Amino acid sequence: MIDLKYMQKNFDEVEKKLRKKSVDSALLEEVRGLFEQKKAAQQALEELQAKQNKDSKLFGVYKKEGKDIGQLQAVVAETKKQIAEQNAIASELEQKLLNVASGIPNIPDEEVPEGEDEEQNVELEKIGELPKFAFEPKEHWELAQNGWIDFERGVKLAKSRFAMFRDKGAKLERALVNYFLDHNGENGFEEVSVPLLNNADMLYGTGQLPKFGDDLFQTDDGLYLIPTSEVPLTNIYNDEILQESQLPLRFTAHTPCFRKEAGSAGRDTRGIIRQHQFSKVEMVALCTPEQSDELMEQMVQNASELLSNLGLAHRKVMLCGGDLGFGAARTIDLEVWLPGQNCYREISSVSNTRDFQARRAKIRYKQGKKNKLVHTLNGSALAVGRTMVAIMENYQQADGSIKIPEILHKYM
RNA sequence: CGGGAGAUGGCUGAGUGGUCGAAAGCACCGGUCUUGAAAACCGGCGAGGGUCACACCUCCCAGGGUUCGAAUCCCUGUCUCCCGGCCA
């Protein structure tokens, strides 16, 4: 949630900044109008409430003094009626404002480049050497003929866009998870194991709800399968007030992630690049505003290290405004080189949401006497399935076999 | 899933219809004292909105209800603890 008070006072500035994310300006105008209306209604309501409170307290006094309360009763009855009416008006406006405003995305940082979509993302740095092959490198689903991935049976057990790993494939997945968690742990991230079903408040907190509910699997008792462990990790301190000395807090967790991939029909239908269920190791940080830029760097660096240690060539990309996620003020993607596909593909995405999620999730910290909103950051380190793809394609041999990267040897 | 108890400020915990947003203790912050610290003493100290600042409004798990007035009474839900059943 963006800061509505700030937005009201600096409407033109906010509108201009949001243009980078191509937000409908009619929506913003609506918010501005609603804010004024709501405030007026609120004030009117509070005046009435104050009157009623005052009169009600008089009852006690009158009774003690033995005075007649008949007239007072009539006055209060009238006030009550007015309160009911005014309350209806005020709460409707408030609800409307909240609905509309919660659909406004975060304001992009100054440095975020202009752009419509991923075409305009800006490459920051290339890391590692592209591998050379004396043969035509295959794509991972061809290589998976070796039995590592069983696509057909994954589909049979669930439906399309589900797969299962077997034998060395399953072991490779487990090895990667262990390696990632160890590495993140050594770099200051506390390892946690979280509920995979979260309630609606948490999904609102991180921004998936109410706007992106279509992409979530929901249970019949109102819980949601997490689309990323960013949701539980960020919400660990939902509606709590932290001490400044506790910050920054850094967490890492491995979880499966569940996404309906609504609207992705026809994209990446082959292989395991885009699945309904995938495994991911995530990093999340809660920190002060002063700390958040440095943490962002650290998290990108941490993910990049994992790729380098696996011997995988990759690049850092700064997302342009149009490609930024709903809650992100800035995002840096890591894209790994896939020789089979002959292109770079996203394997990690690190975002700073500033106080956008913290405002929704009510995560604050005490700075002296004041309660301030924390900054929240999240990033993958790494997407496990896609790392498997990268290893298969980069480490494939002429005979179709796949070498295991050195660093994983002790894990499998 | 069945029976009982409970849910109050960072924590512990009083409060059963009327100036209660709420005693007390702990924690925390400021001060006095001290070479320094501890102890002792004095003061402050829930959250959100509102205001230049006050005033004022809302919140005692959530949602309804009773009442002029509810943390306090009633109903529903959620969660926690204990007892029983089931179970990885």
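Observations, loosely collected:
- Of A:K54/A:K362; A:K126/A:K168; A:K54/A:K81; A:K57/A:K81, pairs whose Cα-Cα distance is over 22 Å: A:K54/A:K362; A:K126/A:K168
- Taking amide hydrogens as placed 1.01 Å from N in the peptide plane, the amide H of A:R166 sits under 5 Å from those of A:I149, A:D150, each at least 5 positions away in sequence or on another chain.
- For chain A, the share of accessible area belonging to carbon and sulfur comes to 47 percent (1.4 Å probe, ligands and nucleic acids excluded).
- Estimated [θ] at 222 nm from DSSP helical runs (n ≥ 4, -39500 (n - 2.57)) normalised by residues in chain A, nearest 500: -13000 deg cm²/dmol
- Computed over the stretch A:118-411: relative contact order in percent, which uses C-alpha pairs under 8 Å that are six or more apart: 25
- The stretch A:118-411: C-alpha gyration tensor shape, a/c 1.5 cut-off, then a/b vs b/c: prolate
- Projecting the Cα atoms of A:N10, A:N99, A:F258 onto the dipole axis of chain A, where Lys and Arg carry +1 and Asp and Glu carry -1 at the beta carbon, places A:N99 farthest toward the positive end.
- Helix A:292-309 vs. chain A, principal-axis angle (Cα, 0 to 90°, nearest 10): 20
- Applying the criteria of a DSSP loop state and at most 12 other Cβ atoms within 10 Å to the GluC sites (Glu not before Pro) of the stretch A:268-339 yields A:E290.
- The phi-based Karplus calculation (6.51 cos²θ - 1.76 cosθ + 1.60; θ = phi - 60°) puts the 3J(HN,Hα) values of the stretch A:353-363 at 9, 6, 9, 4, 6, 4, 5, 5, 8, 6, 9 Hz, whole numbers, x for Gly and Pro.
- Springs between Cα atoms under 10 Å define the GNM used for chain A, and in it the highest mean-square fluctuation of A:S22, A:S160, A:S245 occurs at A:S245.
- Near A:H314, once Lys and Arg are set to +1 and Asp and Glu to -1 for all other residues with Cβ below 14 Å from its Cβ, the sum equals -3.
- Per-residue ³J(HN,Hα) for the stretch A:23-32, Karplus 6.51 cos²θ - 1.76 cosθ + 1.60, θ = phi - 60°, Hz, x for Gly and Pro: 8, 4, 6, 5, 4, 5, 4, 4, 4, 4
- For the stretch A:272-289, 3J(HN,Hα) computed residue by residue from phi via the Karplus equation (6.51, -1.76, 1.60; θ = phi - 60°) reads 10, 5, 10, 10, 6, 10, 8, 9, 8, 9, 10, 10, 9, 10, 10, 7, 7, x Hz, glycine and proline entered as x.
- Highest mobility in the GNM of chain A, judged by mean-square fluctuation with C-alpha springs under 10 Å and restricted to A:Q218, A:Q49, A:Q367, is found for A:Q49.
- Partner lysines for A:K138 [C-alpha distance under 17 Å; skip if fewer than 8 residues away on the same chain]: A:K403
- Amide H contacts under 5 Å for A:L242: A:R364, A:Y365, A:K366, restricted to partners 5 or more places along the chain or on a different chain, H placed in the peptide plane at 1.01 Å from N.
- Centre-to-centre separation between the Cα atoms of the stretch A:147-167 and those of the stretch A:242-294: 24 Å.
- Using a Gaussian network model of chain A in which every pair of alpha carbons under 10 angstrom is joined by a spring, one finds that among A:L233, A:L130, A:L338 the greatest mean-square fluctuation is at A:L130.
- Near the amide H of A:L382, within less than 5 Å, lie the amide hydrogens of A:V281, all on another chain or at least 5 residues away, with H placed in the peptide plane.
The values are calculated or read from the model by the stated rules, or taken from the named source; none is laboratory data. It should be emphasised that the depicted structure is a prediction, and the values quoted were computed from it without experimental measurement. Here the Cβ is made from the backbone with ideal geometry for all residues, glycine too, and neighbour counts use every protein chain on show. Side chains are part of the model used for accessible areas, which takes the heavy atoms of the whole protein and leaves out ligands, DNA and RNA. Shrake-Rupley method; radii C 1.70, N 1.55, O 1.52, S 1.80 Å.
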